[in-house]
Structure formats: C-alpha cells, structure tokens
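Undergrad: So that we are looking at the same thing, I have put the structure below in structure tokens.
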C-alpha cells in the first residue's frame, strides 16, 4: 500500500509538478488536489507548494486561503495530518494561522534565487525526522516576500518550544528575524519554510544536491510506520 | 460622430483620413485605396497602419531575410520553418522543440518594468501558440554605460520586469547576456527568448480553415494599452472626445498569463483547436488577418462582442490595442462547449467573436454595421516591400585601419596582472549574478545548467534524460568593425557555447537589432550581417527557424552598434553527460583547444584598458568551429573532460577567471614558448575553448584531437587557490573574486 501525499494546485501555483516529482522520487504516490476540491482524496499528508497563487495579489496567500480545499486542509491539520508549506505554501500557512507570524518583502527589495545553507534546528517534526538537529543542508531559495516576522513574544515562544525548524546559515538572505527560515506548529505536524526542498532531490538538476529529499523520506517513513 | 462603415466610406471618397499620423506613407495609403477600390474606413486604416508597420511587415528587411530560406542548409531537423509564430525542431524520441528570440527594445526604454515584462509575455505566447509547453526563458540585454545615471533607471526596471513576470509564470530563466556600451544609452536592447517542448503530433499552426468554425478570443479583456505600439501612438484625430493618448506600452499581468498557459495546454491535450494565434504586436488586427490569410476561406468577426476593460473604446482602438495575455483560437462548432468549459475551469474569459466563412474577405462588424471588408492577405502577408538603398559608410575604412594591435601592451608580469584584474572587473566582464539571481532558474525542476554557464540546459524527458541546450550571443563591437564577420562570430560563439556544454547544435533563431533602415550605412550593415549569418548557417548546417528584426534603434542621427543576437539550440541525449564550466578537481590538466593568433580588434582588453574600438574582428573559420564542436561533444559523451569553457570576449584571462571561481579551484598556467603571454591571455581568436582532462584520459583525449586534426595545447593544471601564470604573476582567487563580483552591485545595488 503506497502512501498518498496530496499536492495542492491553486491558480498561479508553480512548483506543483516539481513537488509531485519529489514525492515520487521519495517513494510515495503524489495525489494532485485542485483548489476547488472539497475533500482530500484519501491523502495522508499534504504539501502546499510554491508559486504565486492568485498572482500574490493583495498579499501572498491572502486569497488562496479562502479556497475550498483550504477548509479541508486546515481541519485535517488541526486533527494532526502532516502539512508542509513551501514558500508560497508557508505564506499560506501563516495566512490561515496554522503557523504564527507573517512574511514581508525581502529587506533588499529584490527577488533572490540562490543556493541557500540552512541549519536544521528541529529534527523532531513530521517532515524533518530524517535530518539531525544541527545538520547543515543546502537547498535553493527563491522569493521576493521571504522576510519572516513575528512579535517578540511569539518569537520567544517559538524558540522556547523548539519550534524554529530551520535557520539561515552563513547569510540571512532577506532580513528574517532571528534568521528564521522555517517553523513548526506545537504538535510538529505542520511545517513551513521559504526555501525549496523539492528542487534539491536529484543529482545534476537544480543545484545538483539532494539535501531536500529528507523532507519527503521523513514523512514517508512516519506514515509507513503508523 | 457617425460610424465610419464600409458603405459610408464608399460614399465619402473625399473624407481625409489621418494616415500620416498613423505612420503610413502617401504611396502606402494610395495602395490601400487601390486594393479596396475605395477609401478605407477608419477601422481598416487602423488595421493596415499597424500591420504594414516595419515591426509587423518587415518591409525594409524582408528582401534580405529571404536569404535565410534560400541558403537554408539541408536538414531533417526542421519541422516548421520561418513564417509561423516560431520554428520547430526535431530533437528525437518523438519530441519537438520550438524556440524564438524577439525584441522589446523601445517599450523597455520608455517604461523599463512593463516593457521588459511584456517582452517575456509576448515571446512565451508565441511558443505556446505552437502547441508547446514553455520550459525556459533567456534574456539578452544591452544597456548604456554602466556608470551612466540613466542606466540605473533602466537596468533595475528591466531586470525587475523580467523577473517579476517570468518568475510568476514558473519559467526558469537559464541564460542570456548583459552588455554595456554607450551606444545603447538612448536605446537599450531588451531581447527575450523562450523555449518550448511538445510531441511531434502536438504542433499547432496559425490558420483559420473550415467554414463554420468558430473564432474564440480568450484571456484578458481588451483595454486601451499599447494602442499603436507597433507603429505610432494613435492620434486623437480618431475622436477627440475619447480619453487622451494612452501609453503605447502594454501593461502585463503574469498571473493571467500563467492561467492562459495552463488553460491552453489543457485545451491542446483534448485536441480542441483547428488553428491558434497569440495576440501580440498589432493585437486583433494581426490575429484575425493572419489566421484568415493563412487559412482557406474568409472570416466574419462581431467586434462588439470583444470583452473590454473600458467600454468607451472605439472599434479602431479595439483593433489596435496590444493588451496582453490574449489568444485567438479556431474551434469546430462541436468542440466549442468543451473549450469554454476548460476556460471556465481556469477562470479565463472566453468569447466566440466570429466564424470562418466560405468567402474570401475578412469582414468585421460593429453592432451589425460592416466596418471592415478587406482581403486578409493584403493586410497580413502582402504589405509593402522596400529595396532600401544601402552603401558602405565612408568611415568604415578608417575604423578598420585603426588597428588595435598598435595599442600599448603591458610590459611586465606586474602590469599584465593589473590588466587581468581590470578586465575581469569591468562591467561587461564582471559577474552578473546580482542580475541573474533575481530570476528563478530552478522552477520546473529540470534545470541542468544555467547562467553563468556557457549555455543553459534543461532536461525534457525524465525517463531518457534527453535535454536541450540554448545559448544567445552577439557582439556589437565586432559587428561594427565588420558586419559580415560580426554576425558570423555571433553564430560561431553561440554554436560553440552549446557544444561546450556537451550538446549538439541544431538550429538558430536570431534577433537583428539595428538602427534606422532609412540610413544607407545602417542598411549596409544590415545587408552585410544577414548575408554573413545566412552564409554561416549554411556552412554549419544550422537553419534559421525564425526570429525578429528590430530597426530604428537609434538616438537622433546616431545608430546603435549593429547587434545581431544569435540563439543556437542544441540537443543532448543524456543530460548526465553535460559539461559544466567550473574546474572541479586539483590535478586535472588544462588544455587550450584551437589556434591563438594576435587578434585584439574589438576585444574586451582594447575597450577596458584603452577605450578603443578599431581594426578588424577575429577571423572566422567555420570548418574549425564545426570540428571543435564535434570534439567537445564527443569528449563529453565519452567522459574525457570534466569541464569546458568557450573563449570569447576577454579571452583566456576571462575564461580562466570564470572557471576557477565557479569551481573554487585555482590554475597553474605555463605559457608555451611559441606565444606571447599577453596574446595568450587577451587575444579573442575564435574557434577556441579550454577543457580540463583527468590524467587517466589524457592519452585518449590527445589521440582523438590528433586524429581529427584539432590543434591542442596543454597550458597548465588545476591547482591551488589562485591563478598562477608562471614567470608572470600570481592572482589569489579571493582577490579575483572580489574584483569580479563587486562591480555590478557597486554600480546598481
């Protein structure tokens, strides 16, 4: 029995096919979900991929959060279903309040596309179990609204509860507070990050590394072991 | 004001029309009257004026462009040639690739962000209209002096526009060029290239056939933007009560374009269209007349059914509007419902605006009144043809006599070192990552190579690992010195770049950027460059599949350097065999392939160190280029080389710098006795590349080159953390990196 991982496509989503490929390479079965779908088609985990849903008009994720599929995703996430938000998906997770904080325009005001070093701070979430805490990985980063912000109290809480999942290492590419690149919810089933693990799953392609594959093997192992 | 219908026009032959304001010449207007047997209506005049513009009709260039067809090499690879939205090339395994490079120069100077953004949008729709999924874009750019204040206005806007639009479409930007020269100060060049992939059976053409088939306009609503963008601004003479002159530059909505792409690909998958055309320059005038002209029969269009952003637009304005993100499809009646359903799924507005008829005329109605009744060929394909006078300019001899070989050269190792640093830090030779890092090069998950590599490369089949590589090149300085040779050098470099990446060059697309065709000197440059390019394409066996001509690139009387930009497409059977440019491993041997002559005319060294342009460009030897390419591809396929980098502007000094910095390894260079160290480092002789060969492959590599007759010289070894030209100087990589990477951010950030 293969593990079914849902990959949501909104109008303007870009990395949905790439994410489906990463899921396949990890050994799971990608289940395409359309923004108008009201059920999750027996998916056991959900990835919200990157892109510019609704053109990022108004604010990244501000319109797509009202899609029918997001009602189902939010409900399932609250019941413990693993959900990963990458880039636009992370922005969407903050818009739906599954994760705290918000993303602002990069402090240098430019889109930035680069190979980015990250430090895995929490290897205990559903999506990071195949990494070790403190491990440095290198995966592509590409966004213009990637500066993570939250109030001091929230940031302290995230730190205290070990919910900062990833930090930028070497160079903070956008002015994110406390170098935060990704965070988890308290239960550890919902994770969001700005860099793109789905673009680092095959040697030669993209930056040529496979440091991103761990996200997809982590969830696969977790679901197989349930 | 009464509607200017066909019958009204027939009854009022004396009514004066603003043909001159719309950019038409008197004899052109007379010809329109002759074709129609009466005066044109306002709407007809609008259509002819945009379709007979230089941009759409190629009236000054087509007598020269003919050569690309007449001298086309024999090839089985070409599935669709010049004349369609883009050419299509067979790359094997049932796949076809379509690619094209186009200009958006003038709009990008007036409004850098939107001009560049809609340049990307336009070329992407051209590729989409062929039936292909767009898989990559590239942008060859030319700006004025890097330190000129206006460059800081134009360049960041252009780059943000390309990124803002392309990134939002999900198309990896995998290459291109950025060149600075004062000649582009008042006239930057913003060219855009797109590559698309399809199966052979998915090729679609722009023609309207089958009486009763419906004409469907879908995508964005039509607005008042870009009116007369291809000719001149629509003057208020049409109707002075309407909103005043609007920008001739279109405004782009990349989100709408992304929906249009996915929607159109789904429509193709269900085989719902009989013909399709994108709306770009000249908007509906172009789409309706070209579709009808290429098909059989006529076409009837109800113009008042076109969805508008602004209900006050006149029929003339609707016909001329260049609003973006629109497509026009010809659909059999039985398939219309499904077509509209798919558009609804993607929230794309679609409207049946007319149908293909049995007749021969293109007829357009406005609330029931006929306002256009023309033979479509006369609008789309039978525009004026000019045999413009051309003459070799009187300054050409003096320019060529001003030999760069006579410039003072560095006299010591220390001075040589200084010149290397100076050249690799100059704006043209410096790292462009501040620019290219604003483009997404990873999206779609198929990018194998991207800038600053010699060529961009994407995988097109995940099972077989089939891939394509594309490079764009053009050197206005060389072309100014000798247009015939300069155009050939652009092709040679692009061809060499594709081969250096490990791919076999197959086909060409070109964007010919020149000054005013009304200047005989410019026309001579154009004639020479097209002749050179056509001759070289024939000799290299790479046909021109399509492209674009951009004329009138000049400020006052001063034309830009003639700048033919040449894109070469190549195929690689297995992307795992690609060759990157970075030096990967200490101990590997560095070989220089080809002959190095004392050739510095038009070189980066002469520009940077002496601010000089004169003499002759490097010689072209196409037979040698072909041999070099074959060796590069074979060595990559058989695993004999680990890195390759073409030698072009900046010569060996530039190539070593880039390969060392990319790979993070230094190089120890031993200057062969037969050559002067300065010439070795800075000559720009064509037909050369450097490669690194693992020691285990050295004998096999030498044997292959020897057997094929390609001269190779072992010039050093990958080693250490600097470039050490023995007996001359040492340059630590850290110092080199600082020099190479700091320039552009310091000027523009």
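Since every read-out is calculated from the coordinates, none of them should be taken as a lab result. Computed from a predicted structure; not experimentally measured. Virtual Cβ from ideal backbone geometry, glycine too; neighbours counted across all protein chains shown.
Undergrad: Starting with the highest mean, order B:483-491, A:42-50, B:658-666 by the number of other Cβ atoms within 10 Å, averaged over the residues of each peptide. Walk me through the numbers on the way to the answer.
TA: Values: B:483-491: 28.1, A:42-50: 25.2, B:658-666: 21.0.
Put in order of decreasing packing, that is B:483-491, A:42-50, B:658-666.
Undergrad: Taking square-rooted eigenvalues a ≥ b ≥ c of the alpha carbon gyration tensor, is segment B:669-727 rounded, prolate or oblate, where a/c under 1.5 means rounded and, failing that, a/b exceeding b/c means prolate? Could you put the intermediate results ahead of the total?
TA: Details: a/c = 2.14, a/b = 1.26, b/c = 1.70.
Note, shape of segment B:669-727 comes out oblate.
Undergrad: Let me ask something else about it. Rg(Cα) of segment B:435-577 divided by 2.2 N^0.38 Å? Don't skip to the answer; put the middle values down first.
TA: Details: Rg = 16.6 Å, N = 143, 2.2 N^0.38 = 14.5 Å.
Rg over 2.2 N^0.38 Å, computed on Cα atoms: 1.15.
Undergrad: Ok, one more. Which of B:263, B:511 comes first, and how do the rest follow, when ranked by fewest Cβ neighbours within 10 Å?
TA: Details: B:263 23, B:511 26.
Fewest-to-most Cβ neighbours within 10 Å comes out as B:263, B:511.
Undergrad: Further question: Whole Å is fine, so just give me how far the alpha carbon centre of segment B:366-383 lies from that of segment B:691-716.
TA: That distance is 63 Å.
Undergrad: Treat each spin label as a single point 7 Å out from the Cα along the C-beta direction, and report the residue B:34 to residue A:221 distance in nm.
TA: Distance between the two pseudo-spin positions: 8.1 nm.
Undergrad: Using the count of nearby Cβ atoms within 10 Å as a rough guide to exposure, how do B:369, B:147 rank from fewest to most?
TA: Numbers: B:369 15, B:147 12.
Lowest count first: B:147, B:369.
Undergrad: Also: Round to the nearest 10 and give me the degree value, 0 to 90, for the angle of helix B:283-294's Cα axis relative to the longest principal axis of chain B.
TA: For helix B:283-294, the angle is close to 90 degrees.
Undergrad: Report, in degrees rounded to the nearest 10, the 0 to 90 angle that the Cα long axis of helix B:622-637 makes with the longest principal axis of chain B.
TA: The answer is roughly 80 degrees.
Undergrad: At a 10 angstrom cut-off on C-beta neighbours, averaged per residue, how do the peptides B:349-361, A:175-187 rank from highest to lowest?
TA: For the peptides B:349-361, A:175-187, the packing ranking is A:175-187, B:349-361.
Undergrad: Determine the shielding of peptide A:143-151 by partner chains: average, over its residues, the number of Cβ atoms on other chains within 10 angstrom of each Cβ. Write out the running numbers ahead of the final one.
TA: Values: counts 2, 6, 0, 0, 0, 0, 0, 0, 0.
Taking the mean over all residues of the peptide, I get 1.
Undergrad: Using a/c under 1.5 as the rounded threshold, could you call chain B rounded, prolate or oblate? The axes a ≥ b ≥ c are square roots of the C-alpha gyration tensor eigenvalues, and prolate needs a/b larger than b/c, oblate otherwise.
TA: Working: a/c = 2.18, a/b = 1.74, b/c = 1.25.
Verdict is prolate for chain B.
Undergrad: Once you average over the residues of A:108-117, how many Cβ atoms of partner chains fall within 10 Å of each Cβ? Show your work: numbers first, answer last.
TA: Values: counts 1, 2, 9, 11, 4, 14, 4, 1, 0, 0.
The shielding value for this peptide is 5.
Undergrad: How far is the Cα center of segment A:1-73 from the Cα center of segment A:78-120, in Å?
TA: Result: 15 Å between the Cα centres.
Undergrad: Still on this structure, I have one more. Calculate how steeply helix B:42-51 sits against the longest principal axis of the alpha-carbon atoms of chain B, using the helix alpha-carbon long axis, and give the answer as 0 to 90 degrees to the nearest 10.
TA: Result, in degrees: 20.
Undergrad: Determine the shielding of peptide A:196-209 by partner chains: average, over its residues, the number of Cβ atoms on other chains within 10 angstrom of each Cβ.
TA: Details: counts 4, 0, 2, 7, 2, 1, 4, 1, 11, 10, 10, 4, 3, 0.
Per residue, the average neighbour count from other chains is 4.
Undergrad: Within segment B:615-736, what percent of beta bridges assigned by DSSP are antiparallel, to the nearest 5?
TA: Working: 11 of 14 bridges.
Taking every DSSP beta bridge within segment B:615-736, about 80 percent pair in antiparallel fashion.
Undergrad: Order by neighbour count: B:180, A:216, B:729, fewest other Cβ atoms within 10 Å first, most last. Each step should come with its number before you reach the end.
TA: Numbers: B:180 24, A:216 27, B:729 20.
Ranked by crowding around the Cβ, least crowded first: B:729, B:180, A:216.
Undergrad: Still on this structure: Sorting check: for B:99-107, B:383-391, which peptide has the highest mean count of neighbouring beta carbons within 10 Å, and how do the rest follow?
TA: Numbers: B:99-107: 26.2, B:383-391: 14.9.
In decreasing order of mean packing, B:99-107, B:383-391 become B:99-107, B:383-391.
Undergrad: A further question follows. Rounded, prolate or oblate: which fits segment A:4-225, taking a ≥ b ≥ c as square roots of the Cα gyration tensor eigenvalues, rounded meaning a/c under 1.5, else prolate when a/b beats b/c?
TA: Working: a/c = 1.24, a/b = 1.11, b/c = 1.11.
Because its axes are fairly even, with a/c under 1.5, segment A:4-225 counts as rounded.
Undergrad: Quote the relative contact order of segment B:511-645 in percent (integer), defining contacts as alpha-carbon pairs under 8 Å separated by 6+ residues.
TA: Numbers: 121 pairs, mean separation 37.6, N = 135.
After rounding, I find 28 percent.
Undergrad: Counting helices only, and only those DSSP H runs with n ≥ 4, report the 222 nm mean residue ellipticity of chain B as the sum of -39,500 (n - 2.57) divided by its residues, in deg cm²/dmol to the nearest 500. Each step should come with its number before you reach the end.
TA: On the way: 25 runs with 271 residues, N = 749.
Helix contribution divided over all residues of chain B: -11000 deg cm²/dmol.
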